[in-house]
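Values in this text are rule-based calculations from the coordinates and carry no lab data. Keep in mind that this is a model prediction, so the values were computed, not measured. Positions of Cβ are backbone-derived with ideal geometry, glycine not excepted, and every protein chain shown enters the neighbour counts.
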Amino acid sequence: MNAERNGHMMAAVLYGRESLKVEKVAIPEPGPHDLLVRVKAALTCGTDFKVWKQGYHARMIVPPAIFGHELAGVVEQVGEAVPDRFRVGMRVVAANSAPCNECFFCLKDKPNLCEDLVFINGAYAEYALIPGRILRENLMEIPPHLSFVDAALVEPLACVLRGIDETGIRPGDTTVVIGCGPVGLKFIRILSGRGVRVIAIGKRSSQIKAAERLGAAAAFDVSAMDTPIQAVRQMTYRQLGADSVIEAVGSKATWQWALQMVRCGGTVNLFGGCPRETMVEFESSLLHYSEITIKSTFHHTPRFIREALDRIAKGEVSASDFVTGEIRLSELPDLFQHMKHRNGQLKVAVMP
């Protein structure tokens with residue numbers, strides 16, 4: 001059915017916990033400062049899967065709402081107040097949020113913690129509305145040599161690049177990456193390409209193979225051992241522990257492992273978020289006398305959105321490293337049901 005002619009499009013609408021329906025909805029109407037984009041590729045991700053399972057996200061989406069946030073496409077319609085540099089037919093990629101640049105946290109140079117982050121959802125649809133603020137802060141033209149699927153990696157990659165920067169990882173370091181899902185594998189790909197010796201921790205043979213393919217010096221399958229702590233420490237200088245640990249799972253056990261794998265003076269980045277109200281215990285002298293730094297890196301900033309597109313454009317990362325297949329929009333609800341059974345899917349490109 002021709003969307004332009006009847007003012008409707010097909011979209012995946014989240015109604016609640018594990019309730020996702022692909023149905024006909026009205027095409028969003030852009031205001032004077034907004035853009036309408038025809039979606040060419042949208043990528044699935046762990047965050048969307050978690051939101052689908054719990055039925056909402058406190059900051060990102062309140063159902064019923066069109067779902068998905070990693071998208072690339074072509075400008076279809078331009079609001080009358082949009083700057084001339086954005087034109088119909090332009091190939092663009094948008095981040096899923098943008099800061100206000102005026103609140104307490106923005107002025108403290110922490111725009112990722114902005115008190116008024118504007119989010120977009122709506123990637124799993126034929127058309128998506130890009131609000132004015134995201135257009136100003138976080139919408140970029142896709143270089144001609146890049147595919148839409150490659151460009152759609154920008155948002156998750158920006159989070160990973162910021163995590164590496166915040167952790168202070170340098171060439172020659174030994175870094176443990178706990179978790180070999182799409183995010184963990186992006187850490188492995190980028191770090192190994194920068195001369196970092198990466199030890200990966202996964203839980204399926206498919207994850208271990210992917211970690212090794214993307215540059216891990218060693219990869220351990222935790223399903224075959226009680227705990228990987230000793231195995232990891234044995235691979236470090238004098239068994240002192242790794243220079244840094246990136247935890248990309250978000251569980252009580254893996255947060256605790258991370259603290260026991262890092263060397264004195266090292267840094268642990270608790271990148272994977274645990275379920276709300278999770279309490280994690282640490283042995284206090286481990287932190288105090290070993291001078292371990294613990295931090296968490298949340299979300300991205302405009303600086304790292306631009307850096308991510310640059311890295312993809314230079315070929316440091318490509319969609320073929322992580323995207324395991326392409327599906328039609330109508331197949332998306334079945335895919336999420338399939339992902340529930342931990343089938344080892346990394347990322348899938350949804351092609352509306």
Entries of K53/K347; K209/K252; K209/K347; K50/K252; K203/K340 with Cα pairs more than 20 Å apart: K209/K252
With N residues in region 13-99, what two-decimal value do you get for its Cα radius of gyration over 2.2 N^0.38 Å? 1.20
The exposure ranking of W255, W52, fewest beta-carbon neighbours within 10 Å first, is W255, W52
Per residue of region 222-239, what does 6.51 cos²θ - 1.76 cosθ + 1.60 with θ = phi - 60° give for ³J(HN,Hα)? Whole Hz please, x for Gly and Pro, Karplus curve as stated. 6, 5, 9, 8, 5, 8, x, 4, 5, 4, 5, 4, 5, 8, 10, 3, 6, 6
Among V196, F298, P30, which residue has its Cα furthest toward the positive end of the charge dipole of the chain, with +1 on Lys/Arg Cβ and -1 on Asp/Glu Cβ? V196
Distance (nanometres) between label positions extended 7 Å along Cα→Cβ at R238 and R17: 5.2 nm
Once the Cα gyration tensor of the chain is found, what semi-axes does its equivalent ellipsoid get, as square roots of 5 times the eigenvalues, in whole Å, sorted largest first? 36, 21, 19
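Divide by every residue of the chain the summed helix terms, -39500 (n - 2.57) for each DSSP H run of at least 4, and state the resulting mean residue ellipticity at 222 nm, rounded to the nearest 500 deg cm²/dmol.
-8000 deg cm²/dmol
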Any residue on another chain or 5+ positions along whose placed amide H is under 5 Å from the amide H of G68 is listed here as G122, A123, Y124
Just going by the charge dipole of the chain, with Lys and Arg at +1 and Asp and Glu at -1 on Cβ, which of P156, S318, Q77 is farthest out on the positive end? S318
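What's the longest bit of the chain with no exposed GluC sites (Glu not before Pro), using DSSP loop states and at most 12 other Cβ atoms within 10 Å as the test?
With GluC sites (Glu not before Pro) excluded where exposed in loops, the chain gives 116-276 as its longest stretch.
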Theoretical FRET efficiency, 1/(1+(r/R0)^6), r = Cβ-Cβ of T278 and K209, R0 51 Å, to 0.05: 0.95
Listed by chain and number, the residues whose amide H is under 5 Å from that of M90, excluding neighbours fewer than 5 places away on the same chain and using placed H, are V75
Phi-derived 3J(HN,Hα) across region 246-255 with the Karplus relation (6.51, -1.76, 1.60, θ = phi - 60°), rounded Hz, x for Gly and Pro, is 9, 9, 10, 10, x, 9, 4, 5, 6, 4
Calculate one ³J(HN,Hα) per residue across region 28-33 by plugging θ = phi - 60° into the Karplus curve 6.51 cos²θ - 1.76 cosθ + 1.60, and present them in order as whole Hz with x for glycine and proline. x, 9, x, x, x, 9
Amide H contacts under 5 Å for V176, placed H, 5+ residues apart: I199, S244, V245, I246
Where does region 160-295 land on the Kirkwood hydrodynamic radius, alpha-carbon pairs, in angstrom? 14.5 Å
